[in-house]
Amino acid sequence: MLQDKFYQVAPNPVFHDSGSLYVLFTGESQTAPAHRLGPKIYDYYLYHYVTEGRGQFITENRTYKLSSGDSFLIHPGQLVSYVSDQQQPWHYHWVAFAGEQAAELVRQTGFCADAPVARASQQTDITNQIGNHLSAMLQAFYTQKDSSDLGALGYLHLIMAEASEQLTQQEALPGAESITRRTVKQMIHYMSSQYAHPVSIEDMCSSIGYNRAYMSRIFKKETGMTPVTYLLKLRIDKARQLLRERPELSTQQIAASVGLTDALYFSKQFRRFYSVSPSQYRASIQRPG
């Protein structure tokens, strides 16, 4: 693997290993031709913004060709590679972030694992601002001041706001496709806010005003999952987080906290997604060494 021609990174001077939302580090690089990272996975969100050049972002399902002004978001646990162009290797900035509210921020922005790319906006001030915010965050971390931790959160929200505007513009397609995507976003927002309650897909469809069969069809087309599976996985992922972060809660309490009142059903579905029971998963993360 060729080494980057230019590389700098700065960690957050305030250490975090838990919290609602926090920035881990940020950096920038002018890569060498054909420079490749991956295939690999990360355990945090990692956003890249391309300032110059070209490259490819490769997921398990798709390859995206990117250039100046484009950006991509790597989700935790997502197997990815990215490689710079042979003739015009890219220069990019990145920021890594995590926390209990990180997934919600990503959802509000409009990114998802199956749609991780925001294309360059026709409004050049938007794309310029993203690069400016990332540069400012990097410089703030170099000061090593504790206050830069709070500043980084501000920059992160500004970056995600600009990316959200890019995503909104690229989804402003004519006719049914635009309506379909907006409807699916409504469904995801509904499930993300109501997963802890005993809601059903019928309740969601009724609240949004669509037929269940139609909603299920367009949701699976956009996300690759049925609404039932998506809601269940959302609940199980939230439970997994609670198993890590709230050891004082029983498995039954955690199940109830994510809207699954039947502890046996919860255990069965947890094993379905993660191949271990909730208690086995908790024991594995508490085991020393």
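The values are calculated or read from the model by the stated rules, or taken from the named source; none is laboratory data. Not measured: the values here are computed from a predicted model. Methodologically, a virtual Cβ is constructed for each residue, glycine included, from the backbone with ideal geometry; neighbour enumeration extends over all protein chains shown. These accessible areas exclude ligands, DNA and RNA; they are computed on the full protein's heavy atoms, side chains included. Shrake-Rupley method; radii C 1.70, N 1.55, O 1.52, S 1.80 Å.
A few points about this structure:
- Considering helices alone, the calculated mean residue ellipticity of the chain at 222 nm is -15000 deg cm²/dmol, with DSSP H runs of length four and up weighted by -39500 (n - 2.57) and normalised per residue.
- Lysines whose Cα lies under 18 Å from that of K233, excluding same-chain neighbours fewer than 8 positions away: K185, K220, K221, K268
- For the stretch 1-125, relative contact order (Cα pairs under 8 Å, six or more residues apart, normalised by length) works out to 31 percent.
- Among (i) 25, 22, 21; (ii) 73, 21, 16; (iii) 33, 25, 18, the entry that matches semi-axes √(5λ) of the Cα gyration tensor in Å as calculated here: (iii)
- Selection from N132, Q186, I218, by position along the positive dipole direction of the chain (Cβ): I218
- If the segment from V228 to R62 were pulled out straight at 0.36 nm per residue, it would be longer than the present Cα-Cα gap by 57.3 nm.
- Sorted on the mean count of surrounding Cβ atoms within 10 Å across their residues, most packed first, peptides 159-166, 264-271 read 159-166, 264-271.
- Principal-axis tilt of helix 124-142 within the chain, Cα atoms, nearest 10 degrees: 90
- Close amide-amide hydrogen proximity is noted between D70 and V50, A120, each under 5 Å apart and 5 or more residues distant or on a separate chain (H modeled in the peptide plane; Pro and chain starts excluded).
- Pairs of Cα atoms nearer than 8 Å and 6+ residues apart set the relative contact order; for the chain it is 14 percent.
- The chain, dipole about Cα centre (Lys/Arg Cβ +1, Asp/Glu Cβ -1), debye to the nearest 20: 1040
- Eligible aspartates and glutamates near K145 by straight Cα distance, threshold 19 Å, same-chain separation 8 or greater: D17
- If R0 equals 35 Å, the separation of the Cβ atoms of N128 and K221 corresponds to a calculated FRET efficiency of about 0.50.
- A 1.4 Å probe run over the stretch 7-146, with the rest of the protein chains in place, finds 44 Å² accessible per residue.
- Whole-percent carbon and sulfur share, accessible surface of the stretch 215-289, 1.4 Å: 51
- Debye log10 I(q)/I(0) at q = 0.21, 0.28, 0.32 Å⁻¹ for the stretch 50-99, Cα point scatterers: -0.75, -1.12, -1.26
- Rel. contact order, % - alpha carbon contacts under 8 angstrom, at least six apart, the stretch 203-289: 19
- Note on surface exposure: S192, S135 rank S135, S192 by accessible area, highest first, 1.4 Å probe.
- Rounded to the nearest 20 debye, dipole of the stretch 161-265 from Cβ charges on Lys, Arg, Asp, Glu: 260
- Once both labels are positioned 7 Å from their Cα atoms along Cα-to-Cβ, the gap between E248 and T143 label points is 3.7 nm.
- The share of accessible area on the stretch 1-70 that comes from carbon and sulfur is 49 percent, using a 1.4 angstrom probe.
- Scattering profile of the stretch 236-289 at q = 0.20, 0.21, 0.26 Å⁻¹ [log10 I(q)/I(0), Debye over alpha-carbon scatterers]: -0.61, -0.67, -1.02
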